[in-house]
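Shown next, in structure tokens, is the structure this report addresses.
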Amino acid sequence: MNLKSVIWLFLFISNFALSSAHSPDSLWHISIQEITIEHTREHFFREDKKVYRPDSLQLNLYRNSSVGELLGSISPVYVNTYGSSGAVSGLILRGAGTSQSLVLWNGFPVNSISLGSADLSILPVCSFNNISLTYSAAGSIYSSGTFGGSLDLQYRPIWKKGIRLTLAPEAGSYGDRRISFSASGGTQNLQFQSTFLRQQGIYDFVFTDTYKYGSPRESMKNNALSNTLFIQNVFLKLRGNNQLEAGVWYQNKLKEIPAIMGAYSPGTAHQRDSVFRVYGKWKKLFKHSSLQISSAWFTDQMLYRDNYSDAETRYLIDSKIRNSRTVSDGFYRMYLGRHISLDGGAGISVLSAHVSNYGANMTELTPSLFAGMKFRNDFLVANLSARKEFHTQQKVNPLLSAGFRSTVLIDRLSVRGNYSDQFRVPTFNDKYWQPGGNPELIAEKGWTADGGFEYIHRVNSTSLLVLDLNAFYSGIHNLIQWLPQENGAIWTPVNTKYVISRGLEAGLNYKFVSPVINYNMHAGYTFNKSQIKATRENQINLTGNELIYRPNHLIHLFSNAEIKNFSLALNMNFIGKRYTTEDNNPVYAMPSHLLVNLYTGYTIKVRELSGTIQFRVNNLLDSQYQLIRSYAMPGRTYKIGIIFHFLTHKN
């Protein structure tokens with residue numbers, strides 16, 4: 001019996017035994033209406049997964065930052081970043097590449113059709129009040145590209161009468177200027193949320209160029225950023241248990257691209273990213289069931305230009321990429337008694353790309369069918385789901401997932417375990433880019449499994465300790481990788497290897513609350529090893545080597561204390577050594593480094609108005625480091641800002 005069969009058998013026996021061991025008459029304490037109206041399908045079926053959520057304090061500290069800056073600073077994950085503020089950044093989670101984790105906005109994917117990955121630098125923290133990472137998210141729920149997991153970005157309405165206004169200007173080192181404004185509120189039947197963000201800076205920081213003789217100190221050139229964003233969400237409750245939801249997202253970012261370390265000429269390239277997204281949802285609650293229909297249209301454009309010289313007026317590189325994504329789906333949920341719910345639905349997505357290097361406009365249509373079942377009582381949650389997608393150029397087998405979370409000791413100990421089939425279809429660049437694209441590529445396929453427990457210990461009436469331990473394992477067949485051809489001038493993607501990733505994750509949370517001080521601490525450690533287990537006969541034998549930019553060790557600590565109106569926070573991130581070449585040459589490896597950030601704040605409240613003055617020091621130890629080889633990162637930097645909150649609630 002293979003490992004996959006053993007895991008399926010274990011999950012089935014565990015679910016049956018645990019459900020039989022506890023009383024079948026216990027009530028489900030979360031109301032059907034709350035789950036149906038407020039929770040997306042993705043969140044409804046993820047209780048067997050490990051989930052990480054930044055808290056409200058962390059979201060406030062980084063409200064003018066990108067999601068990439070937030071996660072790269074305070075979370076136990078690795079974010080690949082090609083330089084300082086505004087540079088392209090991607091999520092590396094559980095050894096999976098940036099195109100193997102999915103990013104969703106209110107349930108709709110925002111990953112690039114051309115590249116497969118999502119650029120975290122254009123995702124604003126201030127527009128979301130619920131940001132969560134679902135580790136190894138189930139392919140049967142989320143679709144393609146979730147070997148690592150899913151990053152969910154949401155705004156959830158607060159159904160209270162009143163208005164909430166926030167204004168947050170901020171200034172920092174190297175000309176960094178940011179300001180955000182958000183307004184939300186309404187009535188018990190109508191809620192809205194509006195966000196505006198403006199960021200600009202020169203970012204001409206000084207760094208040590210270790211790729212030049214004598215390691216001289218250099219000033220970064222051609223690194224300016226201009227970023228403007230607006231997001232609007234509207235939520236409406238109607239008669240007959242109907243609810244409507246809609247949103248619009250517009251963004252325009254212009255980023256200069258500096259030269260890499262070791263270059264003797266300054267960079268002259270720039271990249272403009274433009275985004276327009278709109279979506280709508282209709283939800284209907286019946287007596288013992290619910291119905292939801294959703295639709296979205298996303299379009300994004302990227303313009304990359306480089307003339308190799310400021311004096312030149314003609315561009316030697318003038319690359320234009322325009323993508324669009326249309327997604328529609330609907331699902332029906334039935335509640336069978338107090339413990340069982342059934343889901344079923346269908347969806348369709350249309351992907352279109354207009355890229356000069358493709359030679360023609362490309363369009364792909366993908367219908368899908370999905371179903372799920374959940375069992376829940378006071379002691380056990382068990383999920384089972386399935387999905388079938390019909391790709392025009394790929395054959396994808398049905399995807400299955402199963403998992404459970406069980407309470408072993410009430411309010412003390414819970415255990416979880418799950419298995420998921422996974423796949424990732426080749427991107428448009430993989431198939432159509434000229435020269436080099438390979439239309440013969442087949443989809444990556446594999447599986448993920450993990451299990452763990454959470455233990456809660458109440459030290460006393462003022463202190464709480466939570467321990468979380470998790471182990472994970474995944475396998476990926478037909479991994480897609482771009483490799484040089486015989487002459488070395490042209491690179492092309494090929495299905496190369498069988499890769500496995502496995503590891504351990506440990507987290508410790510401590511909370512202390514008293515009339516004088518509130519204290520929170522979160523510490524986390526991740527061990528991950530992603531290795532090539534097999535290569536094809538006509539390819540270089542790299543068996544046993546580790547994948548590039550996958551640190552074995554990540555250590556994270558975030559600690560904050562609040563004493564009356566004063567707050568102090570400290571976070572530390574240790575990132576282990578990373579190989580940057582497939583042959584794992586230690587000469588080109590990135591050494592481990594430690595980053596320390598310090599935050600202070602003071603809050604003044606006058607009736608409905610409050611103001612918080614914040615001061616932040618990033619990279620307190622002035623460490624010299626790189627996240628991507630040859631892309632310099634800034635040393636110690638400073639930020640100061642004020643957050644004004646105006647809040648009114650009408651009873």
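The values are calculated or read from the model by the stated rules, or taken from the named source; none is laboratory data. A quick note: this is a predicted structure, and the numbers were derived from the prediction, not measured. Cβ sites come from the backbone with ideal geometry, for glycine too, and all protein chains shown count toward neighbours. To get the accessible areas, we keep the full protein, side chains included, count just its heavy atoms, and leave off ligands, DNA and RNA. Shrake-Rupley method; radii C 1.70, N 1.55, O 1.52, S 1.80 Å.
Over segment 130-176, accessible surface divided per residue gives 24 Å², non-protein components excluded, 1.4 Å probe. For segment 435-558, taking the reciprocal of the average inverse distance between every pair of different Cα atoms yields a Kirkwood hydrodynamic radius of 18.0 Å. Computed 3J(HN,Hα) for segment 564-580, one whole-Hz value per residue from the Karplus formula 6.51 cos²θ - 1.76 cosθ + 1.60 where θ = phi - 60°, is 6, 8, 9, 10, 9, 9, 9, 9, 10, 10, 10, 10, x, 4, 10, 7, 10, glycine and proline marked x.
Surface listing: L190, L464 arranged by accessible area from highest to lowest gives L190, L464, probe 1.4 Å. The mean sequence separation of alpha-carbon pairs under 8 Å and at least six residues apart, normalised by the residue count of the chain, gives a relative contact order of 11 percent. Where in segment 422-442 does the label zone of S319 land, with the point 7 angstrom along Cα→C-beta and an amide N cut-off under 17 Å? Residues 427-438 fall inside that zone. A Förster radius of 41 Å combined with the Cβ-Cβ distance from K161 to L465 puts the calculated FRET efficiency at roughly 0.60.
Note on Q393 and L369: the model spin-label points, each 7 Å out from Cα along the C-beta direction, lie 2.6 nm apart.
Protein heavy-atom accessible surface, 1.4 Å probe, per residue over segment 523-599: 50 Å².
With the whole protein complex present, K388 retains an accessible surface near 60 Å², based on a 1.4 Å probe. Distance between the 7 Å Cα→Cβ label points at S215 and F453: 4.7 nm.
On segment 356-464, 59 percent of the accessible area sits on carbon and sulfur atoms, based on a 1.4 Å probe.
Within the chain, the longest run free of exposed loop sites, counting GluC sites (Glu not before Pro) that sit outside DSSP helix and strand states (H, G, I, E, B) and have at most 14 other Cβ atoms within 10 Å, spans 1-311.
If I compute solvent accessible area with a 1.4 Å probe over the protein chains, what percent of it on segment 179-322 is carbon and sulfur? Exposed carbon and sulfur together represent 58 percent of the surface.
Near the amide H of F205, within less than 5 Å, lie the amide hydrogens of M220, all on another chain or at least 5 residues away, with H placed in the peptide plane.
Under the convention that each Lys and Arg Cβ holds +1 and each Asp and Glu Cβ holds -1, the size of the dipole of segment 238-364 around its Cα centre is about 860 debye. In terms of accessible area, using a 1.4 Å probe and ignoring ligands and nucleic acids, F286, F108 rank largest first as F286, F108. Sorting I555, I122 on solvent-accessible area from highest to lowest, probe radius 1.4 Å, gives I555, I122.
By accessible area, using a 1.4 Å probe on protein heavy atoms only, segment 538-651 has 61% of its surface on carbon and sulfur. Around the amide H of F286, modelled in the peptide plane, lie the amide H atoms of L291, all under 5 Å away and 5 or more residues distant in sequence or on another chain.
Taking a straight line from the alpha carbon of K497, these lysines sit under 26 Å away, with near neighbours fewer than eight places off in the same chain left out: K4, K388, K395, K431, K445, K529, K533, K577. Across segment 349-360, computed HN-Hα scalar couplings (Karplus, 6.51 cos²θ - 1.76 cosθ + 1.60, θ = phi - 60°) run 10, 10, 10, 10, 9, 10, 10, 4, 7, 8, x, 6 Hz from first to last residue, x flagging Gly and Pro. Within segment 485-540, the ratio Rg/Rh, alpha carbon atoms throughout and Rh by Kirkwood, equals 1.42. In terms of its alpha-carbon gyration tensor, segment 97-197 comes out oblate; a/c meets the 1.5 threshold, while b/c is at least as large as a/b.
Per residue, the average separation of C-alpha pairs within less than 8 Å and at least 6 apart gives segment 410-481 a relative contact order of 33 percent. Couplings 3J(HN,Hα) of segment 66-77, computed from phi: 7, 4, x, 5, 4, 5, x, 9, 10, 10, x, 10 Hz, in residue order, whole Hz [Karplus 6.51 cos²θ - 1.76 cosθ + 1.60, θ = phi - 60°; x for Gly and Pro]. Residues whose amide H falls under 5 Å from that of K497, counting only those 5 or more places apart or on a different chain, are N478, L479, with hydrogens built in the peptide plane. Please give the calculated 222 nm ellipticity per residue for the chain, where each DSSP H segment of at least 4 residues contributes -39500 (n - 2.57) and the sum is spread over every residue; nearest 500 deg cm²/dmol? Theoretical 222 nm ellipticity from helices: -2000 deg cm²/dmol.
The aspartates and glutamates whose alpha-carbon is closer than 20 Å to the alpha-carbon of K212, local same-chain residues fewer than 8 away aside, are D204. Distance between the pseudo-spin-label points of I490 and R239 (7 Å out from Cα toward the beta carbon): 6.7 nm.
Using only alpha carbon pairs under 8 Å that are at least six residues apart, calculate the relative contact order of segment 314-392 and give it in whole percent. Worked out over segment 314-392, it gives 26 percent.
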